[in-house]
Structure formats: structure tokens, C-alpha cells
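**Student:** Please read through the structure below; I'll follow up with questions.
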Amino acid sequence: MANPRVLVALATYNEINNLPSLVDAIHSVLPDAELLIVDDNSPDGTGQWCDERAKTDTRLKCLHRPGKQGLGSATLSAMRFAFDGPYDLFVTIDADWSHDPQYLPTMVSATLDADVALGSRYCSGGKIEGWPLHRRVLSRWMNWLSGVALRLPVRDTSGAFRAYRIEALKKIDLDNIRSTGYSYLEEILWHLHHAGTKMVEVPITFRERRAGRSKINASEAVGKVSTLLRLYFFRK
């Protein structure tokens, strides 16, 4: 894959204050990449902005959904879109600037020797900026729990900054992924690990979102624990 065809997917809900500058930043480092915005009927006009941008930029596409259905559901929809296109790599990045696009070329390059490249806060060189102590502790604890329960070969299992080879994603049946929220992040790694894919971690600096509110809530935390328990008791 000397010049891989890349699709970058962003799931959005009320990201009008973040998305325009992020799209420009992504294309500044990956000018040939196509972007797919999966918008869950954002009341702040995010979807409408995408449609206007797409009129003058053929690299951007927008998938509109009728309402908020969760990060996992949005990402799986984007993966199915990628399967039908001429792409070699599928990349996910948060739409709130917590993931810096400057790391994208490194992550794309990392897939030359791996099936999945993970932007990692917890490998050597990775770090977090802007989080209070309780969020750091909770995130560390959840990633430790995921590692113990699922025996995944990576330290950061809950980050959404990732680059997947399309051929690796096609080794698993997306219909078997039951998580619709943030817990899909661990579940898809579990399926990919059992499919024999090679994973690498790329150190990143994760930053608190620039604008807007976090989409993570108590129900997402409960869903994540439930997913870990389900996979633990039915793991191969």
C-alpha cells in the first residue's frame, strides 16, 4: 500500500464549533483522503454544514441518520460504507479535537506493518492533557479491566483514534458486534484479536475537547462494563 486510499470517518452530534476547522486540518495532512461524516441529526446544524461543504469539496461525504444512535452504531455504519468503496484504510477520529490530526500520517504509515494502528494514550510516549484526576483514574481502571478481561495485546483499548486495514475489518462479521455506544471500541478489538490481526500502538497526546459537551454519561459506563462481562464469559 504505497499510496493507500483512505477514508476518515467522524461521528458527529452537535459539533458545529469543532468540525469545520478539524476537516481543514485533516486535509492539510492527508490531502487525498476522503472524509465521511456520520451525523445523527444534530440540532446545531452540523449536518447542514456538511452538506454545504460537500457541494464544493468532493472529498467530503455526509451520512445523515434520523437521531442519536451512539458512537458504535455510527462507526459500524461508516465501516459498511467503506466496504462498498475503493478504500484500503478506514480511519476513525473524534470530531471534538481531542485527537490531533498531526498524528494521522504516522498512523497511516503504521499500517504498513500492522492491520490496526491505535492512537494510544497509555503506551510509551502517550499522554493526556486537560483531564481532571478522577477521569484519569477511571480511564486507567477501565483500560486495565479490559486488558484483564479480554486479554487484548494493547494498553489503550478505549480510544477511538484508529486506522484499520479494510482487509482486516472484513475478517470479522460486523453483525456480531452488539455494542452501539462507546463499548464497541473494546468489542471490535476483541473480534479483531480473535481473527488473528496484528495491532500496534502509536503514542499520541490526548486533549480535552475544544468546545461542546462530552457525550459520555453514566449509561455509557454501564454499557461498557456489561460488554466486558459479556465478552469475558463468552470469549473463545
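The values are calculated or read from the model by the stated rules, or taken from the named source; none is laboratory data. Here the structure is a predicted model, which is why all the values come from computation and not from measurement. With ideal geometry, Cβ positions are generated from the backbone for all residues, glycine too; neighbour counts draw on all protein chains shown. Ligands, DNA and RNA are stripped out before the accessible areas are found, and what is left, the full protein with its side chains, is counted by its heavy atoms. Shrake-Rupley method; radii C 1.70, N 1.55, O 1.52, S 1.80 Å.
Residues checked against (1) at pLDDT 95 or above; (2) touching a Lys or Arg at 6+ places or on another chain (Cβ under 7 Å); (3) open to solvent by 20 Å² or more (accessible area, probe 1.4 Å); (4) not in a helix (DSSP H, G or I):
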residue	(1), (2), (3), (4)
90	yes, no, no, yes
94	yes, no, yes, yes
98	yes, yes, no, yes
102	yes, no, yes, no
105	yes, no, yes, no
109	yes, no, yes, no
112	yes, no, yes, yes
118	yes, yes, no, yes
125	yes, no, yes, yes
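**Student:** List every residue pair whose Cβ atoms sit under 8 Å apart, with the two residues 6 or more apart in sequence or on different chains, where the first one lies in the stretch 127-145 and is part of a helix (DSSP H, G or I) and at pLDDT below 85 and the second, anywhere, is surrounded by 12 or more Cβ atoms within 10 Å (Cβ to Cβ) and among the hydroxyl-bearing types (Ser, Thr, Tyr).
**Tutor:** Note: pairs meeting the criteria are 142/158.
**Student:** Assess whether residue 219 counts as being surrounded by 21 or more Cβ atoms within 10 Å (Cβ to Cβ) and modelled with pLDDT under 90.
**Tutor:** In short, no.
**Student:** Just name the residue that is farthest from residue 183 (Cα to Cα) out of those in the stretch 22-65 that are in contact with an Asp or Glu (Cβ under 8 Å, 6 or more places away or on another chain) and open to solvent by 70 Å² or more (accessible area, probe 1.4 Å).
**Tutor:** Looking at the filtered set, the residue picked out is 59.
**Student:** Every residue in the stretch 54-71 that is at pLDDT below 95 and not in a loop (DSSP other than H, G, I, E, B), please.
**Tutor:** Result: 71, single match.
**Student:** Please indicate, with yes or no, whether at least one residue in the stretch 138-152 is touching a Gly at 6+ places or on another chain (Cβ under 8 Å) and either β-branched (Val, Ile, Thr) or open to solvent by 20 Å² or more (accessible area, probe 1.4 Å) (or both).
**Tutor:** Pass one, the stretch 138-152, residues touching a Gly at 6+ places or on another chain (Cβ under 8 Å): none.
No, the stretch 138-152 contains no residue that is touching a Gly at 6+ places or on another chain (Cβ under 8 Å) and either β-branched (Val, Ile, Thr) or open to solvent by 20 Å² or more (accessible area, probe 1.4 Å) (or both).
**Student:** Search the stretch 25-46 for residues that are part of a strand (DSSP E or B) and pair each with any residue that is open to solvent by less than 20 Å² (accessible area, probe 1.4 Å) and hydroxyl-bearing (Ser, Thr, Tyr) when their beta-carbon atoms are under 8 Å apart and the residues are at least 6 apart or on different chains.
**Tutor:** Every condition considered, the pairs that remain are 37/12; 37/46; 38/12; 38/75; 39/12; 39/46.
Residues are listed down the side, and each one gets a yes or a no for (1) touching a Gly at 6+ places or on another chain (Cβ under 8 Å); (2) of a type in the set (Val, Ile, Thr); (3) buried (at least 21 other Cβ atoms within 10 Å of the Cβ); (4) in contact (Cβ under 8 Å) with a residue 12 or more places away in the chain:
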{"residue": "155", "(1), (2), (3), (4)": "yes, no, no, yes"}
{"residue": "164", "(1), (2), (3), (4)": "no, no, yes, yes"}
{"residue": "169", "(1), (2), (3), (4)": "no, no, yes, yes"}
{"residue": "172", "(1), (2), (3), (4)": "no, yes, no, yes"}
{"residue": "175", "(1), (2), (3), (4)": "no, no, no, no"}
{"residue": "180", "(1), (2), (3), (4)": "yes, yes, no, yes"}
{"residue": "185", "(1), (2), (3), (4)": "yes, no, yes, yes"}
{"residue": "194", "(1), (2), (3), (4)": "no, no, no, yes"}
{"residue": "197", "(1), (2), (3), (4)": "no, yes, no, yes"}
